[in-house]
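In what follows, a single structure is set out as structure tokens and then discussed.
What follows is calculated from the coordinates using simple rules that are stated; it is not laboratory data. Everything numeric here is computed off the predicted structure, so don't read it as measured data. Methodologically, a virtual Cβ is constructed for each residue, glycine included, from the backbone with ideal geometry; neighbour enumeration extends over all protein chains shown.
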């Protein structure tokens with residue numbers, strides 16, 4: 001995939017959580033976050049990713065995996081990073097619904113994928129079920145664990 005000087009990537013809430021809550025693949029997600037903070041990449045996500053992020057934090061508190069203080073810290077840090085949240089475009093909705101029905105994925109996941117396609121961008125997730133449903137069909141949909149390898153191409157790093 002040929003990218004511009006500052007390549008765009010789409011991230012779902014699974015990746016955003018890993019930016020601030022240590023869990024499997026957080027190391028790769030933090031590398032991505034740092035690339036974003038240093039201006040090496042452009043990160044976009046639908047506005048509802050904030051709701052998904054907050055809901056995941058709530059679930060982690062209920063399971064006693066993190067504290068209320070951790071929730072507020074993670075939310076404030078995410079808001080400070082100023083990810084580019086994209087409004088829900090009505091122009092995309094017919095594509096999203098069609099994609100969702102044709103590929104047996106949620107409308108939420110389909111929106112991330114359509115957003116990536118419309119922006120000629122990789123879409124990163126840690127959602128194994130989604131990845132299984134679109135493997136061999138969607139080369140733009142990538143596992144967050146692939147980011148360290150992908151960034152060589154994205155950033156034009158000479159090896």
Neighbour-count ranking for 143, 68 (other C-beta within 10 angstrom, fewest to most) reads 68, 143
May I ask you to derive the FRET efficiency for residue 23 and residue 98 from their Cβ-Cβ distance with R0 = 30 Å, giving the value to the nearest 0.05?
0.35
Along principal axes, largest first, the alpha-carbon spread of segment 74-159 in whole Å comes out as 40, 34, 23
Taking other Cβ within 10 Å of each residue's Cβ, how do 105, 11, 83 sort, fewest first?
83, 105, 11
Beyond 20 Å, what share of the Cα-Cα pairs of the chain is found? Please give it as a whole percent.
49 percent
Can you give the extra length, in nm with one decimal, that the chain gains between residue 67 and residue 106 once fully stretched, where that is 0.36 nm per residue apart less the Cα-Cα distance?
11.1 nm
